[in-house]
């Protein structure tokens, strides 16, 4: 009991200006407010409405995405921008948020602020995403798609064959599913040599 009394006396004891207990309580409350504000801001940037708030995304990739199965399908389950482009776990999410500062920089520069500029950079931008997905073994795809949960009886014969072959060859989702949510770059479709960039 003496230990608690001594601790309480120490907390009541004033410092140069405030009691140590006051400093601890104010510090704790400030920490909770800061952490709450930080997480609220973080979650606000993880919404599709935030992703398409700039016209570069609204007018280009978002329009394409609206015509895909990830946007509208028989089950009504929708994968939004952050589902595919922002990791779920905290560490990788923070790394991705820091990397996104480069996108803000290019937004300010106007790097892809017209459809023509966007199309000219589309292949390069696509490769950035494809390379990152390959590097992480399509981690964000696997948040929803689990090969162990696949019912091959519900798939088309060609899909079953390709999935089994891909699993046997240790391929990742993006190796075969480029263009699943966005249009492939024109030069990628028109020029077989451009497709060889995948082999980099």
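What follows is calculated from the coordinates using simple rules that are stated; it is not laboratory data. For clarity, every value in this text was computed on a predicted model and none was experimentally measured. Ideal geometry is used to build each Cβ from the backbone, glycine not excepted, and the neighbour counts take in all protein chains shown.
Order these by the 10 Å Cβ neighbour count, fewest first: 160, 86, 26. If you can, show how the numbers build up before the last one.
Details: 160 15, 86 18, 26 11.
In order of increasing Cβ crowding within 10 Å: 26, 160, 86.
Using the scaling law 2.2 N^0.38 Å as the reference, what is the normalised Cα Rg of segment 100-182?
It is 1.41.
Only helical DSSP H runs with n ≥ 4 go in: add -39500 (n - 2.57) per run for the chain, normalise by residue count and round the 222 nm mean residue ellipticity to 500 deg cm²/dmol.
So the calculated ellipticity at 222 nm is -17000 deg cm²/dmol.
Can you pull the Rg over Rh of segment 1-148, Cα-only, Kirkwood?
1.21
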